[in-house]
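Visitor: Dropping a structure here in structure tokens format, bear with me for questions.
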Amino acid sequence: MDNHPVREALLELLRTRAELTSADAARELGGNTGLYSFHLRKLAEQGLVEDVPGSTGRARPWRLSTGAPVPAELGELNRRLEDESYQRWQENRAHAPAAWRQDEAFSEVVYLTPDEMAAMGDAIRSMITLFRHRETLPAARPSDAAPVAVVARLFPMLDPS
């Protein structure tokens, strides 16, 4: 299953505790509370997390939902959230610092065998692995590093007939 690392990290934290705020997530994972607040709200929209009953105030605690989707549904959720995040990026890139106004989005059609497609997926995952430790080890991040979504979709373009 292809999971978004921020959402997966939040869900993993919630599997080990009764509740979590975006400030808790920022302390545990590094980064800013706004990033985690956004993803917690998106996870709530999809029924994966819910507000802790009786909580009020700015520090909004969340917990895992009782009727959370099964893993197959999480793949579709992740794709929708990735699309929403990219759309938000496109709409707001002019407000980003100058060094961050470009993206590396591209799309290509290449002819591959099933084995070559699997090998390309492995190569992409291997490259991501070089940087994944920075998610949970904030001290390993360069000072000018920021969260970057990496989305790769390899799929055969089947003949519709």
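Visitor: Output the number of residues of the range 115-136 satisfying the condition of being over 19 Å from Glu82 (Cβ atoms) and either in contact (Cβ under 8 Å) with a residue 40 or more places away in the chain or among the basic types (Lys, Arg) (or both).
Guide: So the answer is 2.
Visitor: Output the residue which, of all residues in the range 134-155 that are open to solvent by less than 80 Å² (accessible area, probe 1.4 Å) and under 24 Å from Met120 (Cβ atoms), is farthest from the chain's Cα centre (by Cα).
Guide: First pass over the range 134-155, keeping only residues open to solvent by less than 80 Å² (accessible area, probe 1.4 Å): 134-135, 138, 140-142, 145-146, 149, 151-152, 154.
Next cut, under 24 Å from Met120 (Cβ atoms) only: 134-135, 149, 151-152, 154.
Working: Arg134: 14, Glu135: 11, Ala149: 7, Val151: 9, Ala152: 13, Leu154: 18 Å.
Per the stated criteria, the residue is Leu154.
Visitor: Here's a follow-up. Report, ordered by the first and then the second residue, all pairs with beta carbons closer than 7 Å, sequence separation of six or more or different chains, a first member in the range 139-160 that is under 26 Å from Leu112 (Cβ atoms), and a second member that is surrounded by 12 or more Cβ atoms within 10 Å (Cβ to Cβ) and modelled with pLDDT under 85.
Guide: Ala149/Glu82; Ala149/Ser85; Val151/Glu82
Visitor: Filter the range 99-132 down to residues that are hydroxyl-bearing (Ser, Thr, Tyr) and under 27 Å from Val6 (Cβ atoms) and give me whichever is nearest to the chain's Cα centre (by Cα).
Guide: The qualifying residue nearest to the chain's Cα centre (by Cα) is Thr129.
Visitor: Looking at the range 26-56, which of its residues are of a type in the set (S, T, N, Q) and assigned to a loop (DSSP other than H, G, I, E, B)?
Guide: Taking the range 26-56 first, the residues of a type in the set (S, T, N, Q) are 32-33, 37, 46, 55-56.
Answer for the range 26-56, where residues must be of a type in the set (S, T, N, Q) and assigned to a loop (DSSP other than H, G, I, E, B): Asn32, Gln46, Ser55, Thr56.
Visitor: Test each condition in (1) at pLDDT 85 or above; (2) in a loop (DSSP other than H, G, I, E, B) for Pro69 and report the one that comes out false.
Guide: Result: Pro69 passes all but (1).
Visitor: Now for a separate question. Out of the range 105-133, which residues are under 30 Å from Glu91 (Cα atoms) and open to solvent by 70 Å² or more (accessible area, probe 1.4 Å)? Break it down stepwise before answering.
Guide: Applying the first criterion (under 30 Å from Glu91 (Cα atoms)) to the range 105-133 yields 105-110, 121, 124-125, 127-133.
Selection gives Phe106, Ser107, Glu108, Val109, Val110, Arg125, Met127, Thr129, Leu130, Phe131, Arg132, His133.
Visitor: Mind checking whether some residue in the range 89-104 is without any contact (Cβ under 8 Å) to a residue 40 or more places away in the chain, of a type in the set (Lys, Arg) and outside any loop (DSSP other than H, G, I, E, B)?
Guide: Scanning the range 89-104, I find at least one residue that is without any contact (Cβ under 8 Å) to a residue 40 or more places away in the chain, of a type in the set (Lys, Arg) and outside any loop (DSSP other than H, G, I, E, B), so the answer is yes.
Visitor: Taking the range 77-104 as the region of interest, how many residues are within 14 Å of Ala152 (Cα to Cα) and either loosely packed, with under 10 Cβ neighbours inside 10 Å or at pLDDT 90 or above (or both)?
Guide: 1
Visitor: Could you list, in sequence order, all residues of the range 9-58 that are within 14 Å of the chain's Cα centre (by Cα) and in contact (Cβ under 8 Å) with a residue 60 or more places away in the chain?
Guide: Once the filter is applied, which keeps residues that are within 14 Å of the chain's Cα centre (by Cα) and in contact (Cβ under 8 Å) with a residue 60 or more places away in the chain, the range 9-58 yields Ala9, Leu29, Gly31, Leu35.
Visitor: Follow-up. Given the criterion out of contact with any helix residue (DSSP H, G or I) (no Cβ under 8 Å at 6 or more places or on another chain), of a type in the set (A, V, I, L, M), over 19 Å from Leu11 (Cα atoms) and at pLDDT 90 or above, identify the matching residue among Ala123, Ala139.
Guide: Numbers: Ala139 fails: at pLDDT 90 or above.
Result: Ala123 is the single residue among Ala123, Ala139 that is out of contact with any helix residue (DSSP H, G or I) (no Cβ under 8 Å at 6 or more places or on another chain), of a type in the set (A, V, I, L, M), over 19 Å from Leu11 (Cα atoms) and at pLDDT 90 or above.
The values are calculated or read from the model by the stated rules, or taken from the named source; none is laboratory data. This is a predicted model, so every value here is computed, not measured. Cβ sites come from the backbone with ideal geometry, for glycine too, and all protein chains shown count toward neighbours. In case anyone asks, the SASA skips ligands and DNA or RNA and just uses the protein heavy atoms, side chains included. Shrake-Rupley method; radii C 1.70, N 1.55, O 1.52, S 1.80 Å.
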